[in-house]
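Before any comments, here is the structure.
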C-alpha cells in the first residue's frame with residue numbers, strides 16, 4: 001500500500017510544518033514531496049495534512065497515522081542497529097524483556113554483573129506484561145525475557161532462574177501496616193490496585209488461587225508504571241501487590257510487608273526465555289553467565 005519512504009517523508013513533513021523546509025531536509029524537490037504525500041493520502045483514503053499559506057498541519061487522521069509511522073520507523077532502526085552489532089562478537093547489543101522492578105533482588109544483581117563482565121555490550125531493557133514479552137520474543141524485539149513460570153506458553157528454550165517474594169505495598173496509616181506479615185485473608189474486602197503492565201496478570205491468578213476468586217477483593221486496574229501505582233498507595237488509594245524487587249527504593253507514605261501463604265512467604269518463580277534460532281552473539285555469553293549464577297537450575301534445564 002505504501003513503503004517506508006512514504007512514512008519517513010510524512011513524519012519529516014509533520015516535524016517541519018512546511019513542505020518546503022521538509023523537502024530541503026530530505027534533499028528532494030518540493031513538488032516531488034507534495035506529490036508523494038498526495039499519493040499516500042489517496043491510497044489511504046484520508047487527508048493527512050491541512051495545507052495553508054502558513055504551512056502544513058496534520059489532521060486528526062494524520063496524527064494517528066504519524067504516531068504509528070514513528071513507532072514502525074523506530075522499531076526498524078532498532079532492529080537494524082542490533083543486526084549491525086551482531087558482527088562485533090562479544091560486543092553488540094542485547095535487548096532484555098522484564099516485567100519486574102530492578103531496584104533490588106536477583107534481576108538487578110544479574111544486570112549489574114553482566115555490565116561488569118561485558119561493558120562493551122549495549123544493553124536495552126523493554127518492560128511489559130508477560131504476554132507482551134512473549135510476543136516480543138517471537139518477533140525478535142527482545143533477545144531474552146524473564147517471565148513468571150505461569151506466564152503464557154512460550155515456544156522456545158528457557159532456564160529457571162530465581163523466585164521473588166510477593167509483597168504488599170500498604171499506606172503507612174493503614175491498620176495492616178502494623179502487621180509484621182500479611183496473609184491472604186487480610187486482603188478480603190480491601191481496595192487492591194492491580195497493574196495492567198508487569199506482573200499484574202500473575203497477581204490476579206494468585207488472588208484467584210489463594211482466595212477462591214477475586215470477588216472477595218475490590219480490584220482497581222490502572223495502566224500506569226509501578227512508580228505511579230506506588231504513589232497512589234502513598235496517597236491512600238489502596239494496597240498494591242508487588243514483588244520484592246520493588247523494595248530497594250523508598251516511596252513516601254508506603255510500607256512493605258511480606259504476603260504469606262500458610263507457612264511461608266508467597267513467591268513467584270521466574271525463568272529466562274529465548275528463541276534457539278536467535279543468532280545474536282551477545283546472547284550466548286549472557287546465558288552462560290546465568291548458568292554460572294544458577295548452576296543447579298541450569299543443569300536441570302540442560303543448558304550446560
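Laid out as a table, the results:
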| item | result |
| --- | --- |
| Among (1) over 22 Å from residue 205 (Cα atoms); (2) modelled with pLDDT of 85 or more - the single one residue 102 does not satisfy | (2) |
| Lone unmet requirement of (1) in the same structural domain as residue 232 (by TED's automatic domain parsing); (2) free of Cβ contacts under 8 Å to residues at least 12 places away in the same chain for residue 171 | (2) |
| One residue from 188, 233 being surrounded by fewer than 21 Cβ atoms within 10 Å (Cβ to Cβ), farther than 23 Å from residue 131 by Cβ and at pLDDT 85 or above | 188 |
| Some residue of the stretch 274-288 being assigned by TED's automatic domain parsing to the domain that holds residue 156, surrounded by 18 or more Cβ atoms within 10 Å (Cβ to Cβ), at pLDDT 85 or above and part of a strand (DSSP E or B) | yes |
| Check on residue 213, loosely packed, with under 15 Cβ neighbours inside 10 Å and either in contact with a helix residue (DSSP H, G or I) (Cβ under 9 Å, 6 or more places away or on another chain) or modelled with pLDDT of 90 or more (or both) | yes |
| Test: residue in the stretch 7-15 that is more than 34 Å from the chain's Cα centre (by Cα) and either in contact (Cβ under 8 Å) with a residue 40 or more places away in the chain or part of a loop (DSSP other than H, G, I, E, B) (or both) | no |
| Verdict on residue 203 being assigned by TED's automatic domain parsing to the domain that holds residue 110, outside any strand (DSSP E or B), surrounded by 18 or more Cβ atoms within 10 Å (Cβ to Cβ) and touching a residue at least 12 places away in the same chain (Cβ under 8 Å) | no |
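For (1) modelled with pLDDT of 90 or more; (2) crowded, with 16+ Cβ neighbours inside 10 Å; (3) more than 23 Å from the chain's Cα centre (by Cα), each residue gets a yes or a no:
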residue: 41; (1), (2), (3): yes, yes, yes
residue: 60; (1), (2), (3): yes, no, yes
residue: 63; (1), (2), (3): yes, no, yes
residue: 89; (1), (2), (3): no, no, yes
residue: 92; (1), (2), (3): no, yes, no
residue: 114; (1), (2), (3): yes, yes, no
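One line per residue, one yes/no per condition, for (1) outside any loop (DSSP other than H, G, I, E, B); (2) touching a strand residue (DSSP E or B) at 6+ places or on another chain (Cβ under 6 Å); (3) not assigned by TED's automatic domain parsing to the domain that holds residue 142:
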position: 31; (1), (2), (3): yes, no, yes
position: 37; (1), (2), (3): yes, no, yes
position: 47; (1), (2), (3): no, no, yes
position: 57; (1), (2), (3): yes, yes, yes
position: 61; (1), (2), (3): yes, no, yes
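The values are calculated or read from the model by the stated rules, or taken from the named source; none is laboratory data. Quick caveat, the model's predicted, so the values are computed rather than measured. Glycine gets a Cβ as well: all are built from the backbone with ideal geometry, and neighbour counts include every protein chain shown.
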